[in-house]
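Reviewing the structure listed below.
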Amino acid sequence: MYSQGLIGADGRSTETPEFLEAFQRRIDAEEKIEPNDPMPEGYRRTLVRQIGQHAHSEIVGMLPEGNWISRAPSLKRKAALLAKVQDEGGHGLYLYSAAETLGVSREEMTEELHSGKAKYSSIFNYPTLSWADIGVIGWLVDGAAIMNQIPLCRCSFGPYARAMIRVCKEESFHQRQGYEIVMTLARGTPEQKEMAQDALNRWWWPSLMMFGPHDADSQHSDQSMKWKIKRFTNDQLRQQFIDATVPQAEYLGLTVPDPDLAWNPEKNAGKGGYDHGPIDWDEFWRVVKGHGPMARDRIRDRRRAWDKGAWVREAARAHAAKRAARARPIAAE
Ligand code: FAQ
């Protein structure tokens, strides 16, 4: 009988064609796969990789904005930013929990992040130089995250799909608060408008890179689409993001920093869409491989936070052990 524990490290030893076909039939019938269900080792590994990277992105993603909590221009802005950064921490926790259901521990995932083995989104390796960056991160980075994550609410793996529903609701609030910051700056003094334009200039291209490499260079997309982990390709989602965001920039009176951007009525099967200029894939791969402008700082800060939090984890464990010891005699009665 099939059992997950019997799958060899090569991921193929017990995966007969019949088993793989039966699994694919469940996927094709839009059934949700739950943690204790039999699943191909490749499916499990793909999810551990993607959910782990996603969790790390949320946690590392707290750093560029956390940098501005103490410098937000008003109490209202400070409270909203604090809540947003806290939400991102919460997203990381749901995602680590979802990954843990696949047999990987939080400690292992954290170790991989700290050693540089695990990836996190390229976008969080760029610096936040001005207050306008906080608005533009909410508008573009959360906007891109929503575009990518709404389809993940229909991911075939139940715990990931369910986590994404709440995450997307919160990201939607983040996107709006970001857009509102940028709108305030764009309608402010010429200097404030210039700050917003400068932030848009710096974050536009890295935001497009968040969607991952061109489909032709995306090694995981085909299989992930077949398993309905991903529902759209990287290029499809990038295009949807561009088409949704350009009119928002126009409304703000800001210029998207792409001289090749042009409306093409033939695109998207005649519905129309924007053609855009070339993305600097050399920069993308440099950042993905750990050479982004803030890469060293991000990992250093995460390691420091983990070490500083050691006493909290120890105290929580000691507290849990005490409660368990106290509960035991009562349970025995
Ligand atoms: N950065 O074959 P594909 C957020 C890697 S959350 C770094 O196309 P796949 C919330 C990829 O891992 C943002 N690495 O891969 C927030 C693979 O390497 P591997 C994160 C990237 O998995 C907002 C290789 O390139 N969102 O922003 C990137 O099918 C504001 C080949 O690529 C998610 O993680 C990249 N941009 O597609 C927080 C969403 N792109 O693993 C704070 C879930 C690709 O073989 C403030 N993830 N790579 O070593 C996904 O949807 C997918 O994993 C993709 C990549 C679309 C990111």
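Here are the numbers for the structure shown:
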item: Between the range 170-184 and the range 191-270, the alpha-carbon center distance in angstrom; result: 18 Å
item: Carbon + sulfur, % of accessible area of the chain - ligands and nucleic acids excluded, 1.4 Å; result: 56 percent
item: Extension reserve of the L261-K322 stretch, reckoned as 0.36 nm per residue once the Cα distance is removed; result: 15.7 nm
item: GluC sites (Glu not before Pro) within the range 29-97, DSSP loop, no more than 14 other Cβ atoms inside 10 Å; result: E30, E31
item: Cα-based helix-to-principal-axis angle, 310-332 vs the chain, degrees rounded to 10; result: 40 degrees
item: Cα→Cβ-extended label distance, 7 Å offset, between A216 and D275, nm; result: 1.7 nm
item: Residues of the chain: accessible area per residue with a 1.4 Å probe, Å²; result: 51 Å²
item: Amide N of the range 56-97 lying under 14 Å from the label point, which is placed 7 angstrom from the Cα of W306 along Cα→Cβ; result: 56-57, 59-60
item: Within a Gaussian network of the chain (alpha carbon springs, distance under 10 Å), most fluctuating of K117, K267, K228; result: K267
item: Taking the chain and dividing mean pair separation by its residue count, relative contact order in percent (alpha carbons under 8 Å, at least six apart); result: 17 percent
item: Summed side-chain charge close to D275 - residues other than D275 whose Cβ falls under 12 Å, Lys, Arg +1, Asp, Glu -1; result: -3
item: Anisotropy class of the range 93-225 from Cα gyration tensor, a/c 1.5 cut; result: prolate
item: Rough spin-label spacing in nm, given labels placed 7 Å along Cα→Cβ, for K78 and S105; result: 4.0 nm
item: Ellipticity estimate at 222 nm from DSSP helix runs (n ≥ 4, -39,500 (n - 2.57)) divided over the chain, nearest 500; result: -19500 deg cm²/dmol
item: Whichever lysines have a C-alpha closer than 24 Å to that of K271, once near sequence neighbours (fewer than 8 apart) are set aside; result: K230
item: Three-way shape label, the range 164-216, alpha-carbon gyration tensor, a/c 1.5; result: oblate
item: Global form of the chain, assessed from the alpha-carbon gyration tensor, a/c cut-off 1.5; result: oblate
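The values are calculated or read from the model by the stated rules, or taken from the named source; none is laboratory data. Predicted model, so just to flag it, every value in this text is computed and none were measured. Every residue, glycine among them, receives a Cβ derived from its backbone with ideal geometry; neighbour counts consider all protein chains shown. These area figures cover heavy atoms from the full protein model, side chains too; ligands, DNA and RNA do not enter into them. Shrake-Rupley method; radii C 1.70, N 1.55, O 1.52, S 1.80 Å.
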